[in-house]
């Protein structure tokens, strides 16, 4: 058997390629290591995010199971379907309609001023924003509509409504719907006294009168 020496001889081209690869690897070793580190870190982040998502889903499922068990327990104890109530119970259509009508009635009551004249007095019913002074002002206006007096100035009227406010029978708090009675004799007395005011007193009342343009 002949020995072929060519089989044991290394190809010069292969040797050059091997040396070139080694040299390239050495030259680029830092880059290769950096890329490998980046790949490893990216893989770690991806793996961690997947584990976090899995953990969140597991926690949500566990919470759902707990809520379900609590609801089931309430159902078993009461013998009725477990229902979570939020706020007040739902109203029936009739109840809702009745409440709407009540609100409309209150709005009408709170926005429409009512006056009633009797033989001896004017009865004024309060609306929203009314006090005893405003009711006295309304009673005086109703009285002067029936008994005009051109000599009365805004200052006189300020004095009259204050006089009526202090001497009216109703001394309690005025609410919406409260009725206050102003006797005609009391209004006449207030008008007479206002005409006895001197100039200085009228000047003092002027600063209050300018705040109520409707009196002019």
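Values in this text are rule-based calculations from the coordinates and carry no lab data. Predicted model, so just to flag it, every value in this text is computed and none were measured. Don't worry about glycine lacking a Cβ; one is built from the backbone with ideal geometry, like all the others, and counts go over all protein chains shown.
Odds and ends about this structure:
- Among the residues of the stretch 161-185, those identified as within 19 Å of residue 146 (Cβ to Cβ) and either without any contact (Cβ under 8 Å) to a residue 24 or more places away in the chain or not in a helix (DSSP H, G or I) (or both) are 180, 181, 182, 183.
- Considering residues of the stretch 146-160 that are assigned to a helix (DSSP H, G or I) and farther than 19 Å from residue 120 by Cα only, the residue nearest to the chain's Cα centre (by Cα): 158
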